[in-house]
Amino acid sequence: MKTPVDIAVTGAAGQISYSLLFRLAAGDLLGPDQPIVLRLLEIPSAMEALKAIVMELNDCAFHLLHKIIITDNPKVAFDNVDYAFLVGARPRTHGMLRSDLLSQNAEIFIVQGQALNEVASRDVKVLVTGNPANTNAYLALNKAPDLAPECFAAMTMLDHTRAISQLAEKCGVPSRDVKNVMVWGNHSCMQYPDLHHARVKGQAALSLVDDQWFVNEYIPTIQHRGTEVIKARGQSSAASAANAIIRHMTTWIQGTEEGDWVSMAVPSDGSYGIEPGLIYSFPVTVSNGQYHIVKGLDLNAFSLERLKQNEVELIEERQAVRHLL
Ligand code: NDP
């Protein structure tokens, strides 16, 4: 039997975690012969709910689930972890200003960044899902100076898979026939799903669909898909978000397919004129457990304007929390 791998999940009693934890325990991340320890972080008021989830996890008798640790202390949750899923975040409540949402979440991610810095494995992969995900990841990374910036990413994988699926549906093909879709920028309604390099069965996507559809239907559909799910379900997407979390992390571990890329929000290295250090969604390839921003793509004026809008929004978010750093 292999040595168990430690995995931390924050917001472990939340909706997304309710799907995510069972998939992790079933081996969907690390495969059918890798035992895991789940280290689950929650706030004290959610501990009772978390205990119920632990009962359910135990009831499944998962072969790979070596141990479950529950805690409200980030240093316990992140102790020696190789993978950290930062899912928990304070939701926006009625009357709350965006700046309040940003600073309340900032406090959480600053503490978690410091704890990761102190106790996580030096090769940890930290995936931030809790919103505002890009800025939360920016804060955690900046509070973890002893970890490489490349240990951090924020999730735009659900936006990416939505972008694949909507194009596949339009073209009447299975999702696997769609390649090189990308989502730029912030995980917000500003995000830019870009089809200029996408291919459907090897053909340029924009030669198969109408330009008006791309601009007036496709882009807004991806940008507002989360709101549409809430309208239809009465709650935000959870199973699809958990699936995207698993897909992001397996891609980060196993690598991208030859000739394709995925979207990940990662520290900008100045590519495409985006301010270095911002956590910005780029097309990336992954090899040997490291992501690499895809360089040198031709971007037209339409795309460049949208990239800029996302950069401005992220700079504004950073400005709102800078005093906390
Ligand atoms: P969910 O599990 O539904 O969502 C968790 C976070 O993921 C939210 O910030 C949510 O943003 C975000 N998210 C990012 N992408 C997506 C997506 N595509 N679809 C849906 N959500 C997405 O939230 P719950 O409120 O059910 O659970 C949160 C848990 O976190 C609670 O158990 C709570 O106790 C815990 N918590 C922990 C804190 C801490 O660690 N200190 C602080 C506050 C809460 P959005 O809200 O925009 O949907």
Selection over segment 132-153 where residues are more than 16 Å from the ligand (Cβ to nearest atom) and of a type in the set (S, T, N, Q) yields a count of 1
If I ask for residues that are touching a residue at least 40 places away in the same chain (Cβ under 8 Å), within 11 Å of the ligand (Cβ to nearest atom) and over 19 Å from Thr251 (Cα atoms), which ones from segment 20-41 would you list? Leu41
Single residue of segment 206-232 satisfying the filter (open to solvent by less than 30 Å² (accessible area, probe 1.4 Å) and farther than 20 Å from Glu305 by Cβ) that is modelled with the lowest pLDDT: Gly226
Out of segment 283-325, which residues are touching a Phe, Trp or Tyr at 6+ places or on another chain (Cβ under 7 Å) and part of a strand (DSSP E or B)? Pro283, Val284, Thr285, Val286, Tyr291, Ile293
If you take the residues in segment 247-258 that are open to solvent by 50 Å² or more (accessible area, probe 1.4 Å) and over 14 Å from the mean Cα position of the chain (by Cα), which one is farthest from Gly88 (Cα to Cα)? Glu258
From the set of residues in segment 97-114 that are within 11 Å of the ligand (Cβ to nearest atom) and over 17 Å from Arg318 (Cβ atoms), which is surrounded by the most Cβ atoms within 10 Å (Cβ to Cβ)? Gln112
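Yes or no, residue by residue, for (1) under 19 Å from the mean Cα position of the chain (by Cα); (2) more than 16 Å from the ligand (Cβ to nearest atom):
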position: Asp194; (1), (2): yes, yes
position: Lys201; (1), (2): no, yes
position: Ser207; (1), (2): no, yes
position: Glu217; (1), (2): no, yes
position: Thr227; (1), (2): yes, no
position: Ala232; (1), (2): no, no
position: Ala239; (1), (2): yes, no
position: Ile245; (1), (2): yes, no
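The values are calculated or read from the model by the stated rules, or taken from the named source; none is laboratory data. In this text, all values refer to a predicted model and were calculated from it rather than measured experimentally. When we count neighbours, we look across all protein chains shown, and the Cβ atoms used for this are built from the backbone with ideal geometry, even at glycine. Quick note on the areas: whole protein, heavy atoms, side chains included, nothing else; ligands and nucleic acids left out. Shrake-Rupley method; radii C 1.70, N 1.55, O 1.52, S 1.80 Å.
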